[in-house]
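Asks: Input: one structure, supplied below.
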Amino acid sequence: MKKWISILLACSLCFLAALPAFAAETDSTATFEFLTEENPDYEEVTALEDDILQKLEDHLSSNGAKLPDGLTPDYTQAYKVYTDTPILTMDTLKESDLRAALEEGTYFWVIPFPDIEGKSYNIPVCYADSEWSVPYSEECDSAAELSYVSPAESRIQELPEGTYTAVLVGGLRFFSQPVAVVFQHGNAVYLVQSKTPMGLEGTDQQQQQLAAEGFSVSDGIYQYDKVAQAVKNAPPADSEKIGGDVLNAAYLNPDSSISTLWIFIGAAIVVALIIIVVVVFKRRRPA
């Protein structure tokens with residue numbers, strides 16, 4: 001009996017000793033990029049503080065509000081959003097290639113101002129064409145709606161255990177808001193919606209093909225490669241369409257759409273032949 005107790009104690013100690021290593025290997029947190037003093041953009045962004053506060057003051061004035069005395073930006077909460085780089089149409093899933101393409105494009109440092117007289121504001125500081133600017137301000141009804149990072153991080157925490165990194169990307173076709181591109185083992189694996197799940201067309205079965213394994217479409221967590229393939233297969237954007245494009249999940253398998261078309265054509269031919277046979281039969285039928 002003592003021998004078995006000793007064996008059980010030894011196994012228990014081994015299991016407990018292994019717990020820290022196991023936890024380290026299954027960290028599912030993603031690292032978004034926040035503005036720190038060590039960041040190369042820090043001096044460029046903070047040099048525009050007067051423009052940032054002026055843009056905020058102009059927006060507040062339009063709402064009949066005033067800029068609070070002594071208000072300064074909290075740069076530690078500023079986060080990076082890449083935009084206007086169509087990475088979903090690139091023929092690669094490699095993290096290094098996608099990040100390089102994003103860095104060569106346009107990006108914003110989004111500076112949040114929570115809860116000013118009942119409303120909250122985002123002031124983006126933009127880097128485009130080798131120049132910095134403060135192009136506009138964004139109003140939110142509450143501080144809870146202010147960040148694109150927080151809801152994206154909440155969804156990323158629902159992913160299978162693993163180590164992930166992520167970037168926020170806006171301006172992608174079919175997406176009205178920034179999304180998180182989530183990387184694992186050097187490749188883009190997931191596309192995670194920030195605030196609102198992506199609108200989709202197509203059958204429920206077709207839409208589910210885009211969702212990450214173990215999730216439904218409404219969870220806002222998609223397979224990056226499947227969404228990218230559907231976007232690449234989509235027809236060119238219609239410039240006259242109001243309200244933007246909606247991604248049809250059937251674009252993932254365009255051959256199925258062609259097959260469906262031929263089914264309809266075949267059915268139409270069969271119906272036409274039946275009508276012709278009936279008409280001919282009636283004409284030949286003796287009176």
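Asks: Those residues that are among the charged types (D, E, K, R), without any contact (Cβ under 8 Å) to a residue 60 or more places away in the chain and closer than 20 Å to Thr76 by Cα, I need them from segment 47-64; list them, please.
Replies: Those that are among the charged types (D, E, K, R), without any contact (Cβ under 8 Å) to a residue 60 or more places away in the chain and closer than 20 Å to Thr76 by Cα: Glu49, Asp50.
Asks: May I pose another question? Report, by residue number, each residue of segment 182-222 that is closer than 25 Å to Ala100 by Cβ, outside any strand (DSSP E or B) and open to solvent by 40 Å² or more (accessible area, probe 1.4 Å).
Replies: Result: His185, single match.
Asks: Please go through segment 133-143 and give me each residue that is surrounded by fewer than 18 Cβ atoms within 10 Å (Cβ to Cβ) and among the small types (Gly, Ala, Ser), ordered by number.
Replies: Scanning segment 133-143 gives Ser133, Ser142, Ala143.
Asks: Okay, next question. Can you name every residue in segment 29-46 that is free of Cβ contacts under 8 Å to residues at least 24 places away in the same chain, assigned to a loop (DSSP other than H, G, I, E, B) and open to solvent by 30 Å² or more (accessible area, probe 1.4 Å)?
Replies: Matches in segment 29-46: Glu37, Glu38, Pro40.
Asks: Something else now. Restricting attention to segment 172-230, report how many residues are of a type outside the set (S, T, N, Q) and within 25 Å of Phe108 (Cα to Cα). Lay out the reasoning, then the answer.
Replies: Filtering segment 172-230 down to residues of a type outside the set (S, T, N, Q) leaves 172-175, 178-183, 185-186, 188-192, 195, 197-202, 204, 210-215, 217, 219-222, 224-228, 230.
Within this subset, residues satisfying the condition of being within 25 Å of Phe108 (Cα to Cα) are 172-175, 178-183, 186, 188-192, 195, 197-199, 220-222, 224, 227-228.
Summing the residues that are of a type outside the set (S, T, N, Q) and within 25 Å of Phe108 (Cα to Cα) in segment 172-230 gives 26.
Asks: Let me ask something else. Name, by its number, the condition in (1) within 13 Å of the chain's Cα centre (by Cα); (2) free of Cβ contacts under 8 Å to residues at least 40 places away in the same chain that does not hold for Tyr148.
Replies: (2)
Asks: Return the total of residues in segment 133-171 being over 18 Å from Gly220 (Cα atoms), small (Gly, Ala, Ser) and assigned to a loop (DSSP other than H, G, I, E, B).
Replies: Counting residues in segment 133-171 that are over 18 Å from Gly220 (Cα atoms), small (Gly, Ala, Ser) and assigned to a loop (DSSP other than H, G, I, E, B) gives 3.
Asks: From the list Gln157, Gln208, which residue is out of contact with any strand residue (DSSP E or B) (no Cβ under 8 Å at 6 or more places or on another chain), farther than 27 Å from Gly64 by Cα and touching a residue at least 60 places away in the same chain (Cβ under 8 Å)?
Replies: Gln157
Asks: With respect to Asp238, determine if the residue is among the acidic types (Asp, Glu) and touching a residue at least 12 places away in the same chain (Cβ under 8 Å).
Replies: Here the answer is no, as Asp238 does not meet what is asked.
Asks: While we're here: Within segment 134-145, work out how many residues are touching a Leu at 6+ places or on another chain (Cβ under 9 Å) and touching a residue at least 40 places away in the same chain (Cβ under 8 Å).
Replies: Total meeting the criteria: 2.
Asks: Is there a residue in segment 85-95 that is open to solvent by 50 Å² or more (accessible area, probe 1.4 Å), within 25 Å of Thr36 (Cβ to Cβ) and outside any loop (DSSP other than H, G, I, E, B)?
Replies: The answer is no; no qualifying residue exists.
Asks: A further question on this structure: Residue check: is Asp255 charged (D, E, K, R), over 14 Å from Arg173 (Cβ atoms) and modelled with pLDDT of 95 or more?
Replies: So Asp255 does not fit the description; no.
Asks: Which of the residues spanning segment 109-132 are closer than 19 Å to Asp84 by Cβ, free of Cβ contacts under 8 Å to residues at least 60 places away in the same chain and either open to solvent by less than 50 Å² (accessible area, probe 1.4 Å) or assigned to a helix (DSSP H, G or I) (or both)?
Replies: Of everything in segment 109-132, those that are closer than 19 Å to Asp84 by Cβ, free of Cβ contacts under 8 Å to residues at least 60 places away in the same chain and either open to solvent by less than 50 Å² (accessible area, probe 1.4 Å) or assigned to a helix (DSSP H, G or I) (or both) turn out to be Val110, Asn122, Pro124, Cys126, Ala128.
Asks: If you take the residues of segment 47-83 that are touching a helix residue (DSSP H, G or I) at 6+ places or on another chain (Cβ under 7 Å) and assigned to a strand (DSSP E or B), which of them is farthest from Val181 (Cα to Cα)?
Replies: Residue satisfying both the conditions and the ranking: Tyr79.
Asks: Would you please name the residue that is farthest from Ala228 (Cα to Cα), looking only at residues in segment 144-181 that are open to solvent by 60 Å² or more (accessible area, probe 1.4 Å) and among the small types (Gly, Ala, Ser)?
Replies: The selected residue is Ala144.
Asks: Now a separate question. Filter segment 223-233 for residues that are without any contact (Cβ under 8 Å) to a residue 24 or more places away in the chain and within 18 Å of Val179 (Cβ to Cβ); which is surrounded by the most Cβ atoms within 10 Å (Cβ to Cβ)?
Replies: Ala230
The values are calculated or read from the model by the stated rules, or taken from the named source; none is laboratory data. This structure is a prediction, so every number in the text was calculated from the model and none was measured. Note that each Cβ is placed from the backbone with ideal geometry, even for glycine, and that neighbours are counted across all protein chains shown. Side chains are part of the model used for accessible areas, which takes the heavy atoms of the whole protein and leaves out ligands, DNA and RNA. Shrake-Rupley method; radii C 1.70, N 1.55, O 1.52, S 1.80 Å.
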